[in-house]
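The values are calculated or read from the model by the stated rules, or taken from the named source; none is laboratory data. Predicted model only: the values in this text are computed from it and were never measured. Cβ placement follows ideal geometry from the backbone for every residue including glycine, while neighbour counts extend to all protein chains displayed.
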């Protein structure tokens, strides 16, 4: 749009408010240009309501006038200015980074999905159970602890829930090649029909304990991203 008249006066306080809101930077995300202009979103230069004003660099200002950037886009960019900012990544010691990676190798995302999807029926694959014993074995090492208090708290929670699950599971399991024998409800229905409800509940409790463990494990694994490892 080409304006025929000169730009109307914009109050200094309004200009200051809009520029401060934008950090004196183009509001288009990922544009770090600090040589900027104030654009009227509705293209009515008499409307100096701060909600109608967008701080743009020369390139994005031209795109806005050419409608390559819509008014809706500009209002969305304005909304993002007031959205909560994610905190900067927290530093993490090399020791803690190493432990996070090691736990991630024991309980990869794929392994956690196996555990979450396990129904704990007649046969349970070793891939579902063996990682717990690997974790318990590593936890015997006095150095297998985080220096960061939050990470250590998550580790202890994971360990506690893992031990609770395996203790419950181990009361009714027996080792087999490639996995573990567990509760066969179909056999119970045939041999002890009066015990079906008990063992269905027992198997269901195992699933709940596994889900609870996985939720805690996922919270610990999320720190891999938070700490930039």
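In this structure, is residue 166 assigned to a loop (DSSP other than H, G, I, E, B), in the same structural domain as residue 106 (by TED's automatic domain parsing) and crowded, with 17+ Cβ neighbours inside 10 Å?
When the stated conditions are applied, residue 166 does not pass them.
Take the conditions modelled with pLDDT under 90, on the phi > 0 side of the Ramachandran plot and assigned by TED's automatic domain parsing to the domain that holds residue 25 and apply them to residue 76. Does it pass? Write out each step before concluding.
Values: modelled with pLDDT under 90: yes; on the phi > 0 side of the Ramachandran plot: no; assigned by TED's automatic domain parsing to the domain that holds residue 25: yes.
No, not satisfied.
Answer with yes or no whether residue 182 is in the same structural domain as residue 99 (by TED's automatic domain parsing) and in contact with a strand residue (DSSP E or B) (Cβ under 9 Å, 6 or more places away or on another chain).
Against the criterion (in the same structural domain as residue 99 (by TED's automatic domain parsing) and in contact with a strand residue (DSSP E or B) (Cβ under 9 Å, 6 or more places away or on another chain)), residue 182 qualifies.
Which count do you get for residues in region 102-134 that are within 15 Å of residue 203 (Cβ to Cβ), in contact with a helix residue (DSSP H, G or I) (Cβ under 9 Å, 6 or more places away or on another chain) and not in a helix (DSSP H, G or I)?
Here the count works out to 6.
Could you please let me know if residue 137 is buried (at least 17 other Cβ atoms within 10 Å of the Cβ), assigned to a helix (DSSP H, G or I), at pLDDT 95 or above and in the same structural domain as residue 101 (by TED's automatic domain parsing)? Let's see the steps before the verdict.
On the way: buried (at least 17 other Cβ atoms within 10 Å of the Cβ): no; assigned to a helix (DSSP H, G or I): yes; at pLDDT 95 or above: yes; in the same structural domain as residue 101 (by TED's automatic domain parsing): yes.
No.
For every residue, the table says whether it meets (1) surrounded by fewer than 15 Cβ atoms within 10 Å (Cβ to Cβ); (2) in contact (Cβ under 8 Å) with a residue 60 or more places away in the chain.
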site	(1), (2)
32	yes, no
80	yes, no
95	yes, no
99	no, no
105	yes, no
121	yes, yes
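Go through 65, 39, 60 for me and flag whichever is modelled with pLDDT of 85 or more and in contact with a strand residue (DSSP E or B) (Cβ under 7 Å, 6 or more places away or on another chain).
Working: 65 fails: in contact with a strand residue (DSSP E or B) (Cβ under 7 Å, 6 or more places away or on another chain); 60 fails: in contact with a strand residue (DSSP E or B) (Cβ under 7 Å, 6 or more places away or on another chain).
Just one listed residue meets the conditions, 39.
Looking at (1) surrounded by fewer than 17 Cβ atoms within 10 Å (Cβ to Cβ); (2) touching a residue at least 40 places away in the same chain (Cβ under 8 Å); (3) within 21 Å of residue 167 (Cβ to Cβ), which is the one condition that is false for residue 201?
Condition (2) is where residue 201 drops out.
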